[in-house]
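Novice: One structure, as structure tokens, below. Some questions next.
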Amino acid sequence: MQTVRVRICAAELEAKRIYGIVEQAYEDDGNPVTVYEFVPDGSVWAVEILMFGMEPDEAADELKDRVGADAFAAPVEAEVLEDLNWVEKSLEGLAPVPAGRFLIHGSHDRGTVPAGSIGIEIEAALAFGTGHHATTEGCLREISRLLSHWRFDKILDIGTGTGVLAIAAAKLSRQQVIASDIDPVATQTAAENAVLNGVGNFVRTFTAAGVEDRRFAEYGPFDLVIANILARPLMQMAKSISARMTGDATLVLSGLRIEDGPRILFAYGTQGFRLVRRFEKNGWITLTLTRGRG
């Protein structure tokens, strides 16, 4: 399938404003969106989004139609990318990421995990979650903190992606962790990564949309749930996620912009959860809520 990169260049503040508009417009579609310094002196920044199965002009027009022609005045450029694994390419050379007791690394850094750290090896894959994003880091930090203080009976990772959060929970707890995702590629990737990291017997993966699948009832109710998704589905699933949890449960939510915090707290507050901890980085937040534990 042909991949087209659509790029918008502007000054930093305008580029970040455009990034917010584009990211929100494509929140439910899963198109990768990024913003970065385009020139070394920081005078020009670029916003990029990847489109699939389109011609360049079609992709540029689709973006303009989606966000509105008056959303920005910066020029829009589009080009077909060479047929490479751009996920893998974009992660080449990324340094290992420490998060709590964990160190997320690729195979080339397998021998560099320091004593006292728990290494998790995650290669580039067609699934979200390598530890390099602030939301993944926030969840890993909370898993490290929570499982160092409390014992949980049943753990669930919703929207598992590469499986990094389920693997982290399994490595610390040495117990079964249920990991689900709407994308079968993600659940397959998560299962493979669990085996790679020596916790294949602890991580059980399956593909399911939301938490209505009968297997959630079979494996639950859960007293620790980690959901690193997006604000809109987390809002929509507040009641159903809560119904899968015990009355004395802890919930870690991420995939959230800072401005999403109040509405997420309200939605889960109506289900009896209260905020006990928040982690912020690069405009993203991870929220830890409880119905009985701190």
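The values are calculated or read from the model by the stated rules, or taken from the named source; none is laboratory data. Keep in mind it's a predicted model, so treat the numbers as computed, not measured. Positions of Cβ are backbone-derived with ideal geometry, glycine not excepted, and every protein chain shown enters the neighbour counts. Ligands, DNA and RNA are stripped out before the accessible areas are found, and what is left, the full protein with its side chains, is counted by its heavy atoms. Shrake-Rupley method; radii C 1.70, N 1.55, O 1.52, S 1.80 Å.
Novice: Which of the residues that make up region 176-193 are modelled with pLDDT of 90 or more, open to solvent by 40 Å² or more (accessible area, probe 1.4 Å) and aliphatic (A, V, I, L, M)?
Specialist: none
Novice: May I ask you to verify whether Ala249 is open to solvent by less than 10 Å² (accessible area, probe 1.4 Å) and either of a type outside the set (Gly, Ala, Ser) or in contact with a helix residue (DSSP H, G or I) (Cβ under 7 Å, 6 or more places away or on another chain) (or both)?
Specialist: Values: open to solvent by less than 10 Å² (accessible area, probe 1.4 Å): yes; either of a type outside the set (Gly, Ala, Ser) or in contact with a helix residue (DSSP H, G or I) (Cβ under 7 Å, 6 or more places away or on another chain) (or both): no.
So Ala249 fails the test.
Novice: Just for region 122-139: of the residues that are farther than 17 Å from Asp223 by Cα and assigned to a helix (DSSP H, G or I), which one is modelled with the lowest pLDDT? Spell out the reasoning first.
Specialist: Filtering region 122-139 for residues farther than 17 Å from Asp223 by Cα gives 122-138.
Narrowing the set further to residues that are assigned to a helix (DSSP H, G or I) leaves 134-138.
On the way: Ala134: 78, Thr135: 83, Thr136: 84, Glu137: 85, Gly138: 88.
Looking at residues that are farther than 17 Å from Asp223 by Cα and assigned to a helix (DSSP H, G or I), I get Ala134.
Novice: Let me ask you something else. In region 153-250, which helices (runs of 4 or more DSSP H) lie fully inside it and hold 3 or more residues that are farther than 30 Å from Pro262 by Cα?
Specialist: 164-173, 184-196, 214-219
Novice: Do you know which of the residues in region 68-99 that are at pLDDT 85 or above and acidic (Asp, Glu) is most open to solvent (accessible area, probe 1.4 Å)?
Specialist: Residues of region 68-99 that are at pLDDT 85 or above, as a first pass: 76-80.
Narrowing the set further to residues that are acidic (Asp, Glu) leaves 77, 79.
Values: Glu77: 105, Glu79: 80 Å².
Among residues in region 68-99 that are at pLDDT 85 or above and acidic (Asp, Glu), the one most open to solvent (accessible area, probe 1.4 Å) is Glu77.
Novice: Report yes if some residue within region 17-28 is open to solvent by 60 Å² or more (accessible area, probe 1.4 Å), of a type in the set (A, V, I, L, M, F, W, C), out of contact with any strand residue (DSSP E or B) (no Cβ under 8 Å at 6 or more places or on another chain) and at pLDDT 85 or above; otherwise report no. Walk me through it before giving the result.
Specialist: Taking region 17-28 and keeping what is open to solvent by 60 Å² or more (accessible area, probe 1.4 Å), we get 17, 24, 28.
Then drop every residue that is not of a type in the set (A, V, I, L, M, F, W, C), which leaves none.
No, every residue in region 17-28 fails to be open to solvent by 60 Å² or more (accessible area, probe 1.4 Å), of a type in the set (A, V, I, L, M, F, W, C), out of contact with any strand residue (DSSP E or B) (no Cβ under 8 Å at 6 or more places or on another chain) and at pLDDT 85 or above.
Novice: Residues in region 43-67 that are small (Gly, Ala, Ser) and open to solvent by less than 20 Å² (accessible area, probe 1.4 Å): how many?
Specialist: Within region 43-67, the subset small (Gly, Ala, Ser) is 43, 46, 53, 59-60.
Next, only the ones that are open to solvent by less than 20 Å² (accessible area, probe 1.4 Å) stay: 46, 59-60.
Number of matching residues: 3.
Novice: For region 37-56, enumerate the residues that are modelled with pLDDT of 80 or more and under 23 Å from the mean Cα position of the chain (by Cα).
Specialist: Selection gives Ala46, Val47, Glu48, Ile49, Leu50, Met51, Phe52.
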